[in-house]
Each structure stands twice: as structure tokens, then as C-alpha cells.
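Q: Please find one structure pasted underneath; my questions will follow.
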Amino acid sequence: MIVTIDGPAGSGKSSTAKKVAERIGWNYLDSGALYRTWTLLYVMGGMDKDYFLDVAGVHKVTLSVNEKGTGTEPLLNGEKVGDEIRQPIISSNVSAVAAMGPVRDKVNEEMRRIVQEHHFIADGRDLGSVVFPDAALKFYMVADLGERAKRRYEELKSKGMEVSLEEISRNLADRDAQDSGRDIAPLTRPEGSVEIDTTAMDFDEQVSFISGLINEKLTV
């Protein structure tokens, strides 16, 4: 069984999805980490699109269930990428890479492969609308730009990264425009999804609300 949580960058979907998975004992699937790993490869190659698409075929970006058996982590040529994929330069380029058809095909194929053997809470931008349209439950999380920028700023600062709130706000606004306006699988609210505005909700409220609906679904 799979439950999807889609929404714009910084809406809280990743941290919420991870905690929900932990609470109900499922696996967590972070689709954004896969796109960020491809973006790391793109940046390493000098951000030359033609070169990137040409050499991408010889590289492997895959998903592995982590040692705890409760989540997933991306691997580049079999090696863990860690916080390298959270750098600002990756955030600034991930939407452009995610808009490339060949990359989306590879990511979607990898995600569909790994969910065959486990229950997952998965977050992304087109999971409920494109990748897993038959998901048992679909959520769409939103929050205003100022709140999303603040959350992302606090997250990155806690990891010791030197960033500015203004830079993050601009990056999120740019990503909103790119993700919603791209030709391939644009960011949109999936049909049949439950929309949650998290602007005024604290983290525990988000987790409890989603966990409650999932538990209701499981007991039906």
C-alpha cells in the first residue's frame, strides 16, 4: 500500500511524511532526494545539459532501504550521497533537472520498483497525479511562501549551512514557478487528494491529522 503527500517546496511534506511513516511503522520514500541526486550528477558535470543527458546513462541513481528498514536513501553508483544533495546549488538547479523527461522516467521507474515489496509514505510533486495515481490515500500540503522559507532556513541552519532567508525565499518562489509551469508532470493538486494548509499548523498537528486518516483507511 502507498500513501502520497504532494506539495510545493517547503510546505512541510518531507518531514511530515517521514514522521508519519515512523509513527505507523511504514517505510518513507523521499522522491526529492532522488531528483537531488541526479542534480548532484548534473552539477558535477558542469551543468551542461547535453553532456549530462549523454553520460547519465552510464551512471546509476538508485534507491535502497536503509539499515533500519524504515526508509530509503539514494545511492549514486552504489555510494550514499548524504547531505551533499542539500547544498544551495543543488536546490537552485533541481527543478531544471526534474523537468528533463529522461530523468523523470528513470526516477519514476526506480520509485515504482522499490514500492513493490513494502508499504510506503511517499512525498513529492507529482506522486498522486502521475507516479501513483491509484494510491490508497493522497494528500496535498500547502503553506504560504513566508512560512515555507522560514522552515527551510531553520532546517538548513540546523545542519550548519550558511544561507540567508532572502536567498531561500527567492529559491522557493523560483521553484514554485518552474514546478507549476513545466510541460512534463507539473505540480498540481492530485484528483481525489485531501488538501492541508499547514501555514498555521504545528508539526505534531500535521502528523496526527494524516496518521489519523491513514489509520481510518486501514480499519475500513
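Every read-out reported here was derived from the displayed coordinates using simple, explicitly stated rules and does not represent laboratory data. For clarity, every value in this text was computed on a predicted model and none was experimentally measured. Counting neighbours? That spans all protein chains shown, and the Cβs are built from the backbone with ideal geometry, glycine included.
Q: Using a 10 Å cut-off on Cβ atoms, rank the peptides 179-185, 124-130 from the highest mean neighbour count down.
A: Details: 179-185: 14.3, 124-130: 24.7.
By packing density, highest mean first, the sequence is 124-130, 179-185.
Q: Taking the chain as a Gaussian network, Cα atoms linked when under 10 Å apart, which of D176, D54, D197 shows the biggest mean-square fluctuation?
A: With Cα springs under 10 Å in the chain, the top fluctuation among D176, D54, D197 is at D54.
Q: If I model a spin label as a point 7 Å beyond the Cα along the Cα-Cβ vector, how far apart are those points for A136 and D197 in nm?
A: So the label points at A136 and D197 sit 3.0 nm apart.
Q: With labels modelled as points extended 7 Å from the Cα through the Cβ direction, what inter-label distance (nm, one decimal) is found for T188 paired with D54?
A: Here the answer is 3.5 nm between the modelled labels.
Q: Can you compute the label reach from R23? Point 7 Å from Cα along the Cβ direction, backbone N cut-off under 20 Å, restricted to the stretch 121-147.
A: The answer is 121-124, 136-143, whose backbone nitrogens lie closer than 20 Å to the label point.
Q: Compactness ratio of the chain: Cα Rg over 2.2 N^0.38 Å, N = residue count?
A: Values: Rg = 16.5 Å, N = 220, 2.2 N^0.38 = 17.1 Å.
Here the answer is 0.97, to two decimals.
Q: Then there's this: Report for the chain the percent antiparallel among DSSP-assigned beta bridges with both residues inside it, nearest 5. It would help to have the intermediate numbers written out before the result.
A: Details: 7 of 25 bridges.
So the antiparallel bridges in the chain amount to around 30 percent.
Q: Measure off 7 Å from each Cα along the Cα-to-Cβ vector at E216 and D204, then give the distance between these two points in nanometres to one decimal.
A: Result: 2.1 nm between the two label points.
Q: Using modelled amide H (1.01 Å from N, peptide plane; none on Pro or chain starts), what sits under 5 Å from the amide H of L29, excluding residues fewer than 5 places away?
A: Placed amide hydrogens put I121, A122, D123 under 5 Å from L29.
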